[in-house]
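The values are calculated or read from the model by the stated rules, or taken from the named source; none is laboratory data. A quick note: this is a predicted structure, and the numbers were derived from the prediction, not measured. Neighbour counts run over all protein chains shown; Cβ positions are idealised from the backbone, glycine included. Calculation scope for accessible area: heavy atoms of the full protein, side chains included, ligands and nucleic acids excluded. Shrake-Rupley method; radii C 1.70, N 1.55, O 1.52, S 1.80 Å.
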Amino acid sequence: MDKMYPPARKDFISLTLTDPNCYIYNNGKHRKQSCWRKWKQLSRLQRSLILFLLALSLVLALLSYSRISEPSTGLSETEEWLQMNGGRLKATFPGVNLKPVVGPDPVTEMKGINVPVFQKPPINKKIPNKRGPPSLQKNWNVSHSFVVGREKPQQNKEEENGEKEKKLVSWRGAMIEADQITELPPSASEKVDVAIPAPAIPAEGVPVTASTGPVDRLEAVRDAFRHAWKGYKDYAWGHDELKPISKSFSEWFGLGLTLIDSLDTMWIMGLKEEFAEARQWIEKELSFNQNVDVNLFETTIRVLGGLLSTYHLTGDQLFLDKAKDLGSRLMPAFKTPSKIPFSDVNIGKGTAHPPRWTSDSSMAEVTSIQLEFRELSRLTQEPRFKEVVDEVMKQVHNLPGKHDGLIPMFINTNSGQFSHRGIYTLGARADSYYEYLLKQWLQGGKTEDELLEDYIEAINGVRKHLVRQTGPHHLTFVGELSHNRFNPKMDHLVCFLPGTLALGAHNDVPGDHMDLAGQLMETCHHMYTQMETGLSPEIAHFNLYATDSNDIIVKPADRHNLLRPETVESLFYMYRFTKDPKYREWGWEILQSFNKYTKVADGGYTSINNVRDPENPEPRDKMESFFLGETLKYFYLLFSDDTELLSLDKYVFNTEAHPLPIWPTPPK
């Protein structure tokens, strides 16, 4: 018998308003009758009951419609309560129709920042988080697939048209071609995080009145960190990176990258509770005895650097022990014919190899691990760590193929020679080579003259070959050289250079480096202010012609923002050395833009795809670990009045913003 028709009575009648056939049950059989005939067969009581229910439904629908159509104040329930009860939220911005944020936010209540309301993802199946405490077992996105070291790229339009797929490698959160071409292919860098559909209008929030009196900017940065940490703790605890829109996580190496990258930031900000729970995870859960391939460079700057800096700040032996264990497991990378390290290491098996598609390593990868290995050697009194990285610098110093101190992007691990010659950039895959020349010289007490000589020669080469000015407003920028052809292209990564130049000038490096630093800092600032969201694109092209058009041109494939730290980093250096308040103001504007266009209401911040569209910046659903490890740390140091807080005469920052001590100058 059909379960839809329970045998309560043989003459039971089922009236289904959505069924045009109007079935009726009679003596255990189904047959069709007209709806009107069925209606007449109902008793008066049944018909009255049906009419009453229809009338009640109509009344409820009208009441719901009237409530929805009322003008919204744009305030959450909590904020409306505060407004009605004499709280500090007294007014809204007139003439602005904005959607309310989900839940109150102390940061935006104080500063008047609009937090985006991102579309909630579909409910995911529950999976216990085995790497976190029971209280943090949340809903994970089981549909997300991972590839160790790289996320699986989505097919782009070029591939659909039958064009040859180009091999891509990750460079600090971005995807770039693994060959001599430094230009990003269309949408290549956006292949990683486009699985989650973008909401239609994500960048709307609650207008609130800023608090009276001066804004506590340090507390605003702490609040931003707490908000980012909340998302990580709730949805990605113990995993590498948070996906704040889908409330899930992504795994790169499986080493808790965000947690370790954030340790010294929490300590500097005085976030004791957050630091304690992170330390407990490291003590109880973190193990490097894993059959997993990791990238030598990324693991060194984020994990090894984070552990070493936290040891120095806290004196806690746990972090040094973990650092020594990891450093030992990374050593097989240096077992190559040329002693130039492979890019990838299996830290469980003790094996190493280059990428699948080449025997090359990028120059930044092999020359931006020295600060960390040298410091590990000093702390453990084991010379082997320092010896292998010093050998790399010695070989690079003597290599032919430099162009007035500028280096090609790649080096072959078999021959030890430069490869893909003819392309010179301070962007991806070469950037931190120049940074670490100066910083190694500083770390070692200014005794290693070859490092300083290479740095000065390189900056002179930058001035000669790469520095240009725009036509419209004479903005100074650093372009690229490709087989003697100048390309007016500058990665956001290059915005590390003003800070590095200022650091060199502070340490009496010859040349008017401070003037160039100030000019480039101005340009990096314009890369933010000339965008509609107030956030910089990943790559900018500059207009060399004297026209009335814009100085900065952004191609569609380059419009993404990954929450990068380089501009804020340079603002910190520039303010420390000049005390010019404009650098703090520029930093405050950037922080407000991050809060307005990248902050996710339920916790975390997301990178975005389009800095040119404030109505729909297209969240990418990924929070890079360097947002907590670098970006927010440099914001905090920028706004701090304590110049002894990580004094630049006592500490040198690695390229992931982890401070390491400057060694005492040995007696002569």
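Per-structure values
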| read-out | value |
| --- | --- |
| Where labels lie 7 Å past Cα in the beta-carbon direction, separation of residue 349 and residue 549 in nm | 5.2 |
| Sequence-separation-based contact order of the stretch 367-430, relative, with Cα cut under 8 Å and 6+ spacing, percent | 21 |
| For the stretch 256-341, diffusion coefficient by Stokes-Einstein and Kirkwood Rh (Cα), 37 °C, 0.692 mPa s, µm²/s | 242 |
| Solvent-accessible area per residue, Å², over the stretch 272-431 with all protein chains present [probe radius 1.4 Å] | 35 |
| Out-of-range pairs (alpha-carbon distance over 19 Å; input 324/386; 339/386; 439/582) | 439/582 |
| Phi-based couplings in Hz for the stretch 490-503 (Karplus 6.51, -1.76, 1.60; Gly and Pro marked x) | 9, 5, 4, 3, 5, 5, 5, 5, x, x, 5, 4, 5, 5 |
| Ordering of 574-581, 506-513 by burial proxy (mean other Cβ atoms within 10 Å per residue, highest first) | 574-581, 506-513 |
| Nearest-0.05 FRET efficiency for residue 339 and residue 449, computed from C-beta distance (R0 22 Å) | 0.50 |
| Hz values of 3J(HN,Hα) by residue in the stretch 357-365 - Karplus curve (6.51, -1.76, 1.60), Gly and Pro given as x | 9, 7, 9, 8, 10, 7, 5, 5, 5 |
| Share of carbon and sulfur in the accessible heavy-atom surface of the stretch 235-274 [1.4 Å probe, %] | 57 |
| Relative contact order of the stretch 443-562, defined on C-alpha pairs under 8 angstrom at six or more residues apart (%) | 25 |
| Under 5 Å, built H, 5+ apart or other chain: amide partners of residue 544 | 471 |
| Placed amide H near residue 248: partners under 5 Å, 5+ positions off or other chain | 243 |
| Protection proxy ranking of 372-378, 549-555, 444-450 - average other beta-carbon atoms within 10 Å, highest first | 372-378, 549-555, 444-450 |
| Cα-Cα over 28 Å, subset of 489/579; 446/489; 555/599; 349/599 | 489/579; 446/489; 349/599 |
| Per residue accessible area of the stretch 520-668, 1.4 Å probe, in Å² | 31 |
| Pairwise label distance in nanometres, residue 61 with residue 613, each label 7 Å out on the Cα-Cβ vector | 3.5 |
| Other-chain or far-sequence residues with amide H under 5 Å of residue 660's (modelled H) | 652, 653, 654 |
| Length added when fully stretched, residue 52-residue 643, from 0.36 nm per residue minus Cα-Cα | 205.2 nm |
| Fully extended contour minus Cα-Cα distance, from residue 357 to residue 457, at 0.36 nm per residue | 32.7 nm |
| Overall form of the stretch 308-450 per C-alpha gyration tensor (a/c, 1.5; a/b vs b/c) | oblate |
| Residue-by-residue Karplus 3J(HN,Hα) for the stretch 280-294, coefficients 6.51, -1.76, 1.60, Hz, glycine and proline x | 4, 5, 5, 5, 8, 10, 6, 9, 8, 7, 10, 7, 9, 7, 10 |
| Alpha-carbon centroids, the stretch 532-568 and the stretch 350-429: separation in whole Å | 30 |
| Largest-first ordering by accessible area, 1.4 Å probe, given options 39, 237 | 39, 237 |
| Label-point separation in nm, residue 272 to residue 417, each point 7 Å along Cα→Cβ | 6.1 |
